[in-house]
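Taking it in order: structure first as structure tokens, then the write-up.
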Amino acid sequence: LERARLLSARQKKRVYVRTFGRFDVFIDGMAVYFPNAKAKELLALCVDHRGGTVSIEEAVDKLWEDREYDSRVKNLYRKAVMQIRQALAEYGVEDIFSGSRGCCQIDILKVDCDYYELLKGNPEAVRAWQMTGNYLQEYSWAEETGARLELMGHPI
């Protein structure tokens, strides 16, 4: 039993991402503060993409939908990427997020996430989903994923 407990603890990651209800990131059990709401939202969009890349065009379309796609809004995107990196670096976990020219993503192998666990069929994640009843509730673009989860047999 002790060996199983040690193996389980080793598999637990430092970063936990909560998507059911409001979006939050916890590192070693402490909530991460993001000085900019758009930086936090961009990270949520990356989580939603499950390791796939988020292009600057998509990020602008979803996060700054009322803005014209120009150099000023691209600078807002770059600033958000920089703020994500800085916030994560403060905790020594900057390696969970990467950005290259015009896109960004998270490394899903380095985070625990309720959404990812739900997709794996984890009973605890299923219960958490059923209790909260919504996915990334503060972001309208997340309604698509929430609807998909319901259709997959994860009713609210």
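The values are calculated or read from the model by the stated rules, or taken from the named source; none is laboratory data. Because the structure is a prediction, the values reported are computed rather than measured. Using ideal geometry, Cβ is built from the backbone for each residue, glycine included, and neighbour counts are taken over all protein chains shown. Accessible surface areas use protein heavy atoms only, side chains included; no ligands, DNA or RNA. Shrake-Rupley method; radii C 1.70, N 1.55, O 1.52, S 1.80 Å.
Worth pointing out:
- For the residues 117, 150, the requirement of being open to solvent by 80 Å² or more (accessible area, probe 1.4 Å) and either part of a helix (DSSP H, G or I) or touching a residue at least 24 places away in the same chain (Cβ under 8 Å) (or both) singles out 150.
- Whenever a residue of the range 58-84 is within 14 Å of residue 37 (Cα to Cα), its partners that are open to solvent by 60 Å² or more (accessible area, probe 1.4 Å) and at pLDDT 95 or above, lying with C-beta atoms within less than 6 angstrom and at least six residues away or across chains, give the pairs 63/38; 80/38.
- Filtering the range 68-86 to residues that are aromatic (Phe, Trp, Tyr) and either farther than 16 Å from residue 100 by Cα or in contact with a strand residue (DSSP E or B) (Cβ under 6 Å, 6 or more places away or on another chain) (or both) leaves only 69.
- Residues in the range 1-55 that are among the polar types (S, T, N, Q) and farther than 30 Å from residue 73 by Cα were compared, and the one that is modelled with the highest pLDDT is 11.
- Check on residue 105, in contact with a Ser or Thr (Cβ under 9 Å, 6 or more places away or on another chain) and open to solvent by 50 Å² or more (accessible area, probe 1.4 Å): yes
- Any hit, the range 38-45, residues being open to solvent by 30 Å² or more (accessible area, probe 1.4 Å), under 19 Å from residue 144 (Cβ atoms) and not charged (D, E, K, R): no
- Considering the conditions (1) at pLDDT below 95; (2) open to solvent by 40 Å² or more (accessible area, probe 1.4 Å), residue 128 is excluded by exactly one of them, (2).
- Which numbered condition residue 141 misses (of (1) crowded, with 20+ Cβ neighbours inside 10 Å; (2) at pLDDT 95 or above; (3) aromatic (Phe, Trp, Tyr)): (1)
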